[in-house]
Amino acid sequence: MKDNFDHNKQYMDYLHSIPKEVYIKILENCFSDIYVTDKDRKILYANPNSLRHYGVPPEEMVGKDSESFRKGKWTPSALDLCMREKRTVFVEQNYLMIGKNISSVLTPIFDEDGEIEMVVAIASEPPVNYDLTWRKVDGQISSKSGIDHDGSEDKKDDIIAQSYVFCKILNTIKKVAKSDVSILLTGESGVGKTLVAEYIHKISLREDNPFWAINCAAIPENLLESELFGYAPHAFTGASNKGKIGLIELADGGTLFLDEIGDLAPSLQAKLLDVLENKRFIPVGGNEMKHVDIRIVAATNSDLGKLVADKKFRSDLYWRLNTINIEIPSLRERKEDILPLTSYFLKKFNEKYKKDIEFSPKAIAVFLSYDWPGNIRQLKNMVERSVLLAIGGSVTAKDLPEFIIESVAMAEDNSNESYDRILDSIGKHLIRESYKKHRNMKKVAKELGMTHSKAFRLVNEYCQDIK
């Protein structure tokens, strides 16, 4: 023990003997992005490679709040998690302006009282080509030069998740999806509950079996019963002499999604409870019990707890559905997702209508500042409207509906600094995208409407890592 102590002391003495210039040279020349924050999240140090990811030189970062540089550029934020749980955090983050995945490690450093003194963050982009031609794959040695690796995964759906709050929800979903427990999705209208329900099915053990969905508020009670449970031949006047198979039976082995479950009639609530608890039902007008193996995912934007208190919804059904409750946040609570969602919908509608429309920086800034009371559904409709009505190839802020402009103007009265920062971030994104497309300063200048000297300066500032 003593020998070990002496060795450690000698090593520490050696480290202290190294001139600080050596440490500075190491940090300043490290390929990874390194920055250090204090306990109040103020940036103490940033090495030159931070310029690639934040778009500003280190001297402009030191002393500033780290959140002001991360917001709108990186997602999800890991600093809060690191400081809250007082542990090293490993996270894959997305650099929104260029759509790259970044691997980050945040390590807390503690003072003598066990409190966080500072946090060291190191971020690196996954290599595109390895210099070494040998690697180990599944226990076997494989020879291959120029191994491609972009960190992408085989996505089964169109879920767009960049914000920390929504990524946390997706992690919860992934944990419960492979079980058979009922899931209740709650949240405002338009937040994407149907899409989440489909995602749950696609990553579950039932993915190869049917997925059926029905909106309980869109169909009258008498018709909804036969849609869900089916009916026997000649069950009622006008019924088919062959009967009808209901969605519950059609979903056997798979998943049934019941949207707007809060509007389900009390008589149907009792029958649905029997399906949940005993996996059985009797078709309308029938006398034969049928058994099914289905998983129920329900959704509502109503307060089911209040409906239970008001005796409008069965408490036993509520608790049976509410085994896992996942609340989908509104778009105003996950603003980091606005830009990637806009990009996704823009690409989708450009392809659909055979157009090549883009949004101007100011239009994007308006999108990022607006609260989107209709959530993702409203954003999707707004992008489609913009693509259809665009005059020329670009949608500017003045092309957006007046009610959106007025809403943003009111919110921005006291937030000019934030607005300017958003525009600055998007400007960097446009420079990078234009340069990646043309690889020519003159063409970048022409496309973005700037002088050749300005294009030269900005490309040199923002695009050094683009080969």
*Specify which residue in the list ILE173, LEU273, MET289 is farthest towards the positive end of the charge dipole of segment 164-331, using unit charges on the beta carbon of Lys, Arg (+1) and Asp, Glu (-1), about the Cα centre.*
ILE173
_Calculate log10 I(q)/I(0) of segment 164-331 for q = 0.17 Å⁻¹, where I(q) comes from the Debye formula with a single equal point scatterer on each Cα and nothing for solvent._
-1.03
_When each of LYS175/LYS312; LYS354/LYS398; LYS347/LYS436; LYS335/LYS443 is checked by Cα-Cα distance, pairs over 25 Å_ = LYS175/LYS312; LYS335/LYS443
*Could you give the alpha-carbon Rg of segment 225-282 over 2.2 N^0.38 Å, rounded to two decimals?*
1.17
*Would you mind telling me the antiparallel percentage of the DSSP bridges in segment 164-331, rounded to 5?*
15 percent
*With label points built 7 Å along Cα→Cβ from the Cα atoms of ASN381 and GLU406, find their separation and express it in nm.*
1.8 nm
*Normalise the Debye intensity by I(0) for segment 328-372, one equal point scatterer per Cα, no solvent, then take log10 at q = 0.22, 0.29, 0.32 Å⁻¹ and round to two decimals.*
-0.78, -1.04, -1.13
*Length gained when the stretch VAL62-GLU28 is fully extended (0.36 nm per residue, less Cα-Cα span)*: 10.8 nm
*Karplus 3J(HN,Hα) series, Hz, for segment 105-113 with 6.51 cos²θ - 1.76 cosθ + 1.60 (x for Gly, Pro)*: 10, 10, 10, x, 10, 9, 8, 5, 8
*asked:* Based only on other Cβ atoms within 10 Å, what is the fewest-to-most ordering of ILE405, ILE294, ILE391, ILE357?
replied: ILE391, ILE405, ILE357, ILE294
*Which ordering of LYS446, LYS428 is given by a fewest-first count of other beta-carbon atoms within 10 Å?*
LYS446, LYS428
_Assuming 0.36 nm per residue, please report the length gained on full extension of the stretch LYS446 to ILE159 beyond their Cα-Cα distance._
99.8 nm
*Which value in nm describes the separation of the simple spin-label points at LYS312 and LYS9, placed 7 Å from the Cα toward the beta carbon?*
7.6 nm
_Estimated FRET transfer efficiency when R0 is 41 angstrom, pair MET118-LYS352 (beta carbons, to 0.05)_ = 0.25
*Compute the separation of the alpha-carbon centres of segment 183-206 and segment 12-45 and state it in Å as a whole number.*
45 Å
*How many nm is it between the label spots at GLU92 and GLN464, if each spot is 7 Å from the Cα in line with the beta carbon?*
2.8 nm
*Cα-Cα pairs of segment 332-462 separated by more than 20 Å (percent)*: 49 percent
*asked:* Given R₀ = 45 Å, what would the calculated FRET efficiency be for VAL176 paired with ARG41, taking r from the Cβ atoms and rounding to 0.05?
replied: 0.85
*What ranking do LYS437, LYS348 get, fewest neighbouring Cβ atoms within 10 angstrom at the top?*
LYS437, LYS348
*Project the alpha carbons of segment 370-412 onto their principal axes and report the range along each, largest first, in whole Å.*
29, 21, 11
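Between ASP80 and THR237, take the C-beta separation as r, use R0 = 41 Å, and let me know the FRET efficiency to the nearest 0.05. Show your work: numbers first, answer last.
Details: r = 62 Å, r/R0 = 1.52.
Computed FRET efficiency for ASP80 and THR237 comes out at 0.10.
Throughout, read-outs are computed from the coordinates displayed, never taken from laboratory work. Here the structure is a predicted model, which means the values were calculated and not measured. Here the Cβ is made from the backbone with ideal geometry for all residues, glycine too, and neighbour counts use every protein chain on show.
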